[in-house]
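Take a look at the structure below.
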Ligand code: ADP
Ligand code: 5GP
C-alpha cells in the first residue's frame, strides 16, 4: 500500500499520473465521493461519484477500507478491488487525505505514507488558483484545511517537496524502489 497525500493543489493528481506511467506494477485505487464531478472528470476513472445515501449504505455494509469527510464532502476507498490487487502482487496507490492515510497505516503498519509538500504556502495558493476548478468559497475552505494538513504531513514516512515536477516524481520512484528492496 502506497499512500500519497498533500493539501489540495499540492500536486497529487499530477504526480500520481506520472507514477502510474513510469511504473507498471503500481495501480491506483479509485475512490468514491459525494462531491460533484469537475469538468473533464469521468465516473469510474477519477472517482465513483455517488449520492450521500449510497455512500451511507456502503459504510453500513463495510464496503470501505477507510473513509473520511474532507473539505465538506465524503470520500472513501472501496475495499474489494484493493484487496484483489494486493493478492495479485500489485502495489496499490491511494491518493487520499491525511485522515485516510493515517487510518490505513493504523490497520496496515506496512503501508508506505508519502506526503507531497508544496515549496511554500504562496506557491500552493497560486497552483490552486491556477487550476481554476474550485469556487472561491471552496478554495478558502481548502486553503484553511491546508494548514493542519501540512502539520499532519510531518507524521508521514517521507515528505517530498513538489517544486520541479520531474524531480518530485523521480524522488518518489526512488523511495518506492528502495522500500521494495527493504521489504524483499
Ligand atoms: P491535487 O491533486 O493535490 O489537488 P493537482 O495535481 O491538481 O493537485 O495540482 C494542482 C495544480 O498545480 C494543477 O494545475 C497542476 O498542473 C499544478 N502543478 C502540480 N505540480 C506542479 C509542479 N511541480 N509545478 C508546477 N505546477 C504544478
Ligand atoms: P478532491 O475533491 O480535490 O478530488 O479531493 C479532496 C481530498 O480528498 C484530497 O485530499 C483527496 O486526496 C482526498 N480523497 C480522495 N479520495 C479519498 C478517499 O478515498 N479517502 C480519503 N480519506 N480521502 C480521499
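We did not get these values from a lab; they are worked out from the coordinates using the rules stated. Worth saying up front: this structure is predicted, and the values here are computed from it rather than measured. Backbone-built Cβ (ideal geometry, glycine too); neighbour counts: all protein chains shown.
Restricting attention to region 154-170, the residues being within 12 Å of ligand 1 (Cβ to nearest atom) and buried (at least 16 other Cβ atoms within 10 Å of the Cβ) number 4.
The strands (runs of 3 or more DSSP E) found wholly in region 87-184 and carrying at least 3 residues that are more than 15 Å from ligand 2 (Cβ to nearest atom) occupy 158-161. The set of residues in region 109-137 being in contact (Cβ under 8 Å) with a residue 24 or more places away in the chain, more than 22 Å from residue 33 (Cβ to Cβ) and within 18 Å of the chain's Cα centre (by Cα) consists of 110, 112, 117, 118.
Within region 72-109, the set of residues being closer than 15 Å to residue 8 by Cβ and surrounded by fewer than 16 Cβ atoms within 10 Å (Cβ to Cβ) comprises 72, 73. Mind checking which residues of region 69-78 are more than 15 Å from residue 3 (Cα to Cα) and either more than 6 Å from ligand 2 (Cβ to nearest atom) or part of a strand (DSSP E or B) (or both)? Correct list: 69, 70, 72, 73, 74. Candidates are the residues of region 48-68 that are touching a residue at least 24 places away in the same chain (Cβ under 8 Å) and part of a strand (DSSP E or B); the one that is nearest to ligand 2 (Cβ to nearest atom) is 68.
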